[in-house]
Amino acid sequence: MGNDDLLTEISNVGIVPVVVLDNVDQALPLAKALYAGGIGCIEVTFRTAAAEEAIRILSEKIPEMLLGAGTVLTVEQANRAINAGARFIVSPGFNSKIVKYCIDNSTTIIPGCATPSDIESALELGIQVIKFFPAEAAGGLDMIRAMSAPYANVKFIPTGGINIKNLNTYLSFDRVIACGGSWIASKELVRNRDYEAIKKLAREAVFIMLGFEMQHIGINMSDETLANQISIVFETLFGFIKQERTGSFFAGSSIEIMKKQFLGKNGHIAISTNNVRRAIYYLEKIGVTFMKETALYDKIGNIRSIYLDKEIGNFAIHLLQKSN
């Protein structure tokens, strides 16, 4: 997997748990808890003596995990982390020696940058994805927006002060590809080996990020005349205003009456999400397949809608991008 592919994978996951391990034997159950909760990425900080061996174990035992080493301060640490199996390196600040070393060793490096000068140093070495740290203390999303204006190709992974409450605030900005944070696997939870709590927090974060909601239900009718009649019934009984579309009528915003038999034995259910691309990635990881031919895209190539391959309760299911 090349550097661009790895960064795309991190963007698909959307959340990078930053963890501190005091003991090597914490690594495997912690990573398994994150993975079971839907997060296939972990950044093990090089703050403790256990970090290097923990990375080696995770690289061997859970190769499907996107495994990174964080708080890398020296070239020597970068070398040890890469040799142990880290697939990406994260530094808190911009250290040109570490960046050059990682580039020379074909390893993805995400350097910390908090100022335009840092960003320009990164760009000079060909780096376009940077860690914005410490995010909240350095001005949060307002600062990211301000700095991103003159640097059109730069993407951000904010870390520092990110939590379940502000996660989507950051991810809503299209220049933020993922968020790093320690709240999912805090020092206290790791110390107490509360892996069940970590799994629950990971799952909560994933569903908060994806923001699944029932958008509308579609009812299949055999022809346009019958579809029109049904939409009038909903309008008459409940005041759901009839609106005609190309292939259907809407009664209000939540009931779609199809003008002919469409996907699904009984109809379809639209599930809206904050990010269709991330939703597909998450659902495919748990075995869901999609009807690729049903995918719809916007003008710049972002996927907006797609149907799942299998029906649920005789209803076809499709994901739908929420309006920004």
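The values are calculated or read from the model by the stated rules, or taken from the named source; none is laboratory data. As the structure is a computational prediction, the values presented were derived from the model and not from experiment. In this analysis, Cβ positions are derived from the backbone assuming ideal geometry, glycine residues included, and neighbour counts consider all displayed protein chains.
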inquiry  = Given the criteria loosely packed, with under 13 Cβ neighbours inside 10 Å and outside the structural domain of Ser172 (by TED's automatic domain parsing), does Leu237 qualify?
reply    = yes
ask   = Restricting attention to the range 85-109, which residues are under 26 Å from Pro150 (Cα atoms) and in contact (Cβ under 8 Å) with a residue 60 or more places away in the chain?
value = Val90, Thr108
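What residue, among those in the range 69-88 that are β-branched (Val, Ile, Thr), outside any helix (DSSP H, G or I) and touching a Ser or Thr at 6+ places or on another chain (Cβ under 6 Å), is farthest from Glu124 (Cα to Cα)?
Ranking the candidates gives Thr71 first.
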task = Out of Leu73, Leu123, report the one residue that is out of contact with any helix residue (DSSP H, G or I) (no Cβ under 9 Å at 6 or more places or on another chain) and more than 17 Å from Glu9 (Cα to Cα).
result = Leu123
note = Considering the range 144-175, residues that are of a type in the set (Lys, Arg) and not in a loop (DSSP other than H, G, I, E, B), and then whichever is surrounded by the most Cβ atoms within 10 Å (Cβ to Cβ), we arrive at Lys155
ask   = All but one of (1) in a loop (DSSP other than H, G, I, E, B); (2) without any contact (Cβ under 8 Å) to a residue 40 or more places away in the chain hold for Leu21; which doesn't?
value = (2)
message = Looking at Val206 and the list (1) over 20 Å from Ile269 (Cα atoms); (2) assigned to a strand (DSSP E or B), which single condition is not satisfied?
response = (2)
ask   = Pairs under 7 Å by beta carbon, first residue within 17 Å of Tyr35 (Cα to Cα) and touching a residue at least 12 places away in the same chain (Cβ under 8 Å) in the range 50-77, partner surrounded by fewer than 21 Cβ atoms within 10 Å (Cβ to Cβ) and of a type in the set (Ser, Thr, Tyr), six or more apart or different chains?
value = Ile62/Tyr35; Met65/Tyr35; Leu67/Ser59
remark   = Filtering the range 269-285 for residues that are free of Cβ contacts under 8 Å to residues at least 60 places away in the same chain and either over 23 Å from Ile39 (Cα atoms) or not in a strand (DSSP E or B) (or both) leaves a count of 6
query = Picking from Ile312, Ile306, which residue would you name as being modelled with pLDDT of 95 or more and surrounded by 13 or more Cβ atoms within 10 Å (Cβ to Cβ)?
reply = Ile306
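Give the residue, chosen from Ala178, Ala135, Ala185, that is crowded, with 22+ Cβ neighbours inside 10 Å, small (Gly, Ala, Ser) and under 14 Å from the mean Cα position of the chain (by Cα). Talk me through it step by step, then tell me what you get.
Working: Ala135 fails: under 14 Å from the mean Cα position of the chain (by Cα); Ala185 fails: under 14 Å from the mean Cα position of the chain (by Cα).
Ala178 is the lone residue from the list that is crowded, with 22+ Cβ neighbours inside 10 Å, small (Gly, Ala, Ser) and under 14 Å from the mean Cα position of the chain (by Cα).
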query = Pick from the range 110-120 the residues that are touching a residue at least 24 places away in the same chain (Cβ under 8 Å) and hydrophobic (A, V, I, L, M, F, W, C): which of them is surrounded by the most Cβ atoms within 10 Å (Cβ to Cβ)?
reply = Ile110
query = Given the structure, is Ile164 touching an Asp or Glu at 6+ places or on another chain (Cβ under 7 Å), on the phi < 0 side of the Ramachandran plot and in contact (Cβ under 8 Å) with a residue 24 or more places away in the chain?
reply = yes
ask   = Which pairs have Cβ atoms under 8 Å, sit 6 or more apart or on different chains, and link a residue in the range 175-195 that is without any contact (Cβ under 8 Å) to a residue 60 or more places away in the chain to one that is in a loop (DSSP other than H, G, I, E, B) and of a type in the set (D, E, K, R)?
value = none
